[in-house]
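The values are calculated or read from the model by the stated rules, or taken from the named source; none is laboratory data. What you see is a predicted model, and the numbers here were worked out from it, not measured in a lab. Note that each Cβ is placed from the backbone with ideal geometry, even for glycine, and that neighbours are counted across all protein chains shown. The protein model used for the area step is the full one, side chains on, heavy atoms only, and it has no ligands, DNA or RNA in it. Shrake-Rupley method; radii C 1.70, N 1.55, O 1.52, S 1.80 Å.
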Amino acid sequence: MNLTVGQKAAYERDGFLVFPNLVSPEEVALLRSEVVRLRDVDAPGVVREGSSGAPKSMFRLHEDNGPGASPVFRALSRTPRVLGVAQQVLGERDLYLHHSKVNVKAAIEGSVWPWHQDYGSWQLDGIQRPELATFAVLLDDATELSGCLYLLPGSHKWGRTEAYLDTSTAYRLWSVTPEDMKRRMSESPPPVALAGKAGTCAIFECNLMHASGHNLSNNDRWQAYFCFNTCKNRPVDVENPRPDYVRSTNWAPMQPVDDSAVLDSVITEVV
Ligand code: SIN
Ligand code: MN
């Protein structure tokens with residue numbers, strides 16, 4: 001899938017692009033059945049929250065081994081619609097996934113993701129340059145009531161903002177302080193809600209400010225994320241690195257597959 005000149009300019013300007021209907025309803029159904037299978041897995045890469053222990057995040061879906069491995073998510077991450085778009089916005093052919101995850105924001109219980117830049121965590125992982133992009137896939141219809149993601153247009157141009165470890169959430173996150181965000185938002189265009197039908201996708205720059213609120217609706221909000229880095233920007237060694245499911249050590253360039261591989265769930269590599 002080739003981005004237009006207008007889309008490339010919009011990514012530069014806003015720090016993100018949205019693609020309605022990029023994943024078909026049949027593919028969404030298959031991906032969702034994988035989430036149902038994986039949410040019962042008992043592994044460190046499945047993070048839970050609340051008194052019911054409902055899953056919040058499940059990681060490392062894109063590899064062909066390990067407890068989170070999913071051939072369907074693996075295939076999707078390598079399609080021209082996903083990998084091809086990431087290659088174009090990052091301007092590099094050789095990419096790998098720093099991590100992949102599904103966030104299950106359960107109806108009523110699913111909680112906030114505070115304002116943050118993804119590079120806030122990834123710099124601490126030893127990644128030297130902000131040359132990454134996150135590809136999001138809506139696996140439910142996402143609404144403002146169900147805690148859809150918000151993107152702050154142009155905020156990637158601010159560069160890195162000092163982060164603090166917010167321990168108040170189920171998944172401890174390097175977040176931007178409320179003081180910083182209030183000041184920044186007073187000078188910024190309003191946030192854009194990534195609300196839409198299941199199958200809608202977006203890609204955003206790793207310094208783009210984003211956040212989402214509590215799910216107050218009676219429907220779950222499931223979303224997948226593929227976090228692409230360029231192979232030449234692989235992390236340097238750090239003390240006490242995070243586990244492999246969030247800080248991948250598989251730095252081999254990803255090999256593309258056909259768009260049909262998602263439904264086939266067979267990875268047929270193309271040259
Ligand atoms: C994230 O930014 O990592 C997740 C946000 C969300 O799923 O709402
Ligand atoms: Mn994020």
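The local environment of Arg13, defined by Cβ-Cβ distances under 13 Å, has a net charge of -1 under the rule Lys, Arg +1 and Asp, Glu -1.
The residues of the range 5-270 have, on average, 42 Å² of accessible surface per residue, using a 1.4 Å probe with all protein chains present. By accessible area, using a 1.4 Å probe on protein heavy atoms only, the range 5-270 has 53% of its surface on carbon and sulfur. Among the GluC sites (Glu not before Pro) within the range 175-271, those in coil by DSSP and having at most 10 neighbouring Cβ atoms inside 10 Å are Glu187, Glu239. Residue ranking by accessible heavy-atom surface, 1.4 Å probe, largest first, among Thr177, Thr79, Thr143 comes out as Thr143, Thr177, Thr79.
The label point for Arg93 and the one for Trp251, both projected 7 Å from the Cα toward the Cβ, are 2.0 nm apart.
Descending by average beta-carbon neighbour count within 10 Å, the peptides 54-62, 37-45 line up as 54-62, 37-45, the highest first.
Springs between Cα atoms under 10 Å define the GNM used for the chain, and in it the highest mean-square fluctuation of Arg81, Arg247, Arg184 occurs at Arg184. Result for the chain in a Gaussian network model with C-alpha springs under 10 Å: among Pro67, Pro243, Pro114, the largest mean-square fluctuation is at Pro243.
From its DSSP helices (H runs of at least four residues, each -39,500 (n - 2.57)), the chain gives a residue-normalised ellipticity at 222 nm of -5500 deg cm²/dmol. The alpha carbon centroids of the range 92-162 and the range 1-73 are separated by 11 Å.
Counting only heavy atoms of the protein chains and using a 1.4 Å probe, Val47 has close to 30 Å² of accessible surface.
Taking amide hydrogens as placed 1.01 Å from N in the peptide plane, the amide H of Asn215 sits under 5 Å from those of Gly110, Ser111, each at least 5 positions away in sequence or on another chain.
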